[in-house]
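Here is the structure we will look at, set down as structure tokens.
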Amino acid sequence: MLQRELRVPRAGHRVASALRAVAASWLADAPREGLADARRSLLDVRDALHLATGRATDRLALQEQDQVAAELGLLDADTLLRQVYEAARVIAYASDVTWREVGRVLRSRTVRPRLRAMLSGGKPVTERSPLAEGVVEQDGEVVLARAARPERDPVLPLRAAAAAAQAGLPLSLHAVRRMAATARPLPTPWPAEAREQLVTLLGSGRPTVEVWEALEAEGLISRLLPDWERVRCRPQRNAVHVWTVDRHLIETAVRASELTRRVGRPDLLLVAALLHDIGKGWPGDHSVAGEIIAKDVAARIGFDRSDVAVLSLLVRHHLLLIETATRRDLDDPATVRSVAEAVGTQSTLELLHALTEADALATGPAAWSSWRGSLVADLVRRVSAVLAGNAPDEPEPAAPTAEQERLAIEAYRTGGPVLALCAQTEPVTDEEPSGDPEPLGVELRIAVPDQPGVLPAVAGVLAVHRLTVRTAELRAVRLPDDVDDEGAVLLLNWRVAAEYGSLPQAARLRTDLVRALDGTLDIAGRLAERDAAYPRRRGWTAPPPRVTVAPAASHHATVIEVRAQDAPGLLHRIGMALEKAGVRVRSMHVSTLGSNAVDAFYVTTGAGTPLPTQDAASLAGVLEETLRG
């Protein structure tokens, strides 16, 4: 279920009423277990929502969830959301099964067997086609063979599910219920066939989702994987995530199935996709908790010791590549060596690369783009070189492109900033409903002679012009020897988008940037006036910002990590705080994920050395206090 589109349905009431009408017509029956409770649960939540908001609304907005939970006597908003998701899922599954049965009945009444035989060339129509041992196809559904004995065949549920997903067919309600009622539990460890059938099910692509939901509706998934119960219908408090935790895990497996040709062990990739966020049902860091759970699950389903180690490592470090690629300086050898040490082998790196992409694609549109993919691919290439023993010990800064070099030379010769705007789009995927490309904003390239105050000046000008910063990078480059063997220019490569309206002209941005650098443009005053003109609205209270020092992230600079609620002028405030602290920003990597800013700043002393430990901690504290204010 999409966790963004959370409406406490009237629609759920209408669906439940429709299902009762279908059952009363004797045309088809609906799964009744839990249906009345689910409908009643949604109605209770809707009533509490009306009391909390004082209006007849069906939208359960974020800022009202705690109050609605309190009205219902529930522990917290997460408990409320899980209750809503569970009820909605019961009704949705009952609806899918019922309307599928209605369609089957209507087809059987309108197309007689003899006519179907004629249409198929006069040959007899096969009513039951074998799919696997004990599993057949009948009337567009997967059912159990007449000779099937679930009570004697514990692998049958996985075999039937894998056969259904491979054939792109739904599992019949009767088959799932019979297996849930009579199938024996699998031994520990699982037999090889059970593990192979699970991998086949996970690798079947989009049909896996419907089959998995059928097994889950009857409790078979939690029986096969007891740890699944903790993530089932669990909400995610992150605007980047589109799905609940359990659906995200299945969506990741679907995405991973498209990448199995890129890895030597597709079975490990698919199982890691299924388990990578399994730790979100436990307190603390979900990657650490997930590593422990993954070890247990992998051993239980029959992987050998070496495979268990790889799976647990993949779960533990499933965020390593994306976080490193977007928040660290890849030209720093310490960055690449730390990833190589964590990964260990080329085959594990290959698996982690595919898992990273599948996880991001399954998260939501804000989590992946061609730009992020290129950063991860660059990191993987560098780590692969280290694992092969070919990486240099000292950093070799990446040479600027011809366009960057042109901008740098022009900035040096004119003594002022040079700007270039380049529109960027992301190709749509086959699953996107619109044929239009996804807008990624505009790439803003700036070259400025190296001087203090560049970061807050650029960020402030963009904020004044109501431009949202989606990604940002800053680095210093040396000029070619034939221009100046001592001069340095700061290159900024930022992706921005207009908050509303059209983008300003590059010439206007340059004019304001010149004024910001020479101090004649009062950015702080302009932003304060604008904030004062718009009174704050009551709404959800964002968690406080967090600023930390990343230990041993670089040998050449101190890495300050900032995680905060994105807001107009945020990067300007950070830049001003760093400027006042007297540190030099050697490079930076800024990302905006939904409403969250995740930034990393490589800072040094004026002499170009990392900050002393105490100074770094003090800077982090000052910066965090500044952002809280």
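The values are calculated or read from the model by the stated rules, or taken from the named source; none is laboratory data. Not measured: the values here are computed from a predicted model. Using ideal geometry, Cβ is built from the backbone for each residue, glycine included, and neighbour counts are taken over all protein chains shown. To get the accessible areas, we keep the full protein, side chains included, count just its heavy atoms, and leave off ligands, DNA and RNA. Shrake-Rupley method; radii C 1.70, N 1.55, O 1.52, S 1.80 Å.
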- Message: Between region 568-589 and region 319-373, what is the separation of their alpha carbon centroids in Å?
- Response: 26 Å
- For peptides 512-522, 183-193, sequence by mean Cβ density within 10 Å, most packed first: 512-522, 183-193
- Accessible solvent surface per residue of region 266-377, calculated while the other protein chains remain in place, 1.4 angstrom probe, Å²: 32 Å²
- Item | Peptides 206-215, 45-54 ordered by average Cβ neighbours within 10 Å, highest first | 206-215, 45-54
- Query: Along region 331-345, what does the Karplus equation 6.51 cos²θ - 1.76 cosθ + 1.60 (θ = phi - 60°) give for ³J(HN,Hα), rounded to whole Hz, x for Gly and Pro?
  - Reply: 7, 8, x, 5, 4, 5, 5, 5, 5, 4, 5, 6, 7, x, 9
- Query: So what are the ³J(HN,Hα) numbers for region 84-90, from phi and the Karplus equation (6.51, -1.76, 1.60; θ = phi - 60°), rounded to whole Hz, Gly and Pro as x?
  - Reply: 5, 4, 4, 5, 5, 5, 4
- Pop out the ³J(HN,Hα) list for region 621-629 in order, Karplus 6.51 cos²θ - 1.76 cosθ + 1.60 with θ = phi - 60°, rounded to Hz; leave Gly and Pro as x. x, 5, 5, 5, 5, 4, 6, 6, x
- Quote the FRET efficiency, to the nearest 0.05, computed for T605 versus R628 with a Förster distance R0 of 22 Å and r equal to the Cβ-Cβ distance. 0.30
- How big is the shadow of the Cα convex hull of region 306-373, averaged over all directions, in nm²? 4.8 nm²
- region 128-163-region 192-266 distance, computed between alpha-carbon centres (Å): 21 Å
- Note on the structure: Amide H contacts under 5 Å for W243, restricted to residues at least 5 apart in sequence or on another chain and with H modeled in the peptide plane, are Q3
- Express the carbon and sulfur contribution to the solvent-accessible surface of region 255-407 as a percent, rounded to the nearest whole number, probe 1.4 angstrom. 54 percent
- How far apart, in nm, are the 7 Å Cα→Cβ label points at R149 and D47? 5.1 nm
- Item | Candidate residues I409, I91: accessible-area rank, largest first, probe 1.4 Å | I409, I91
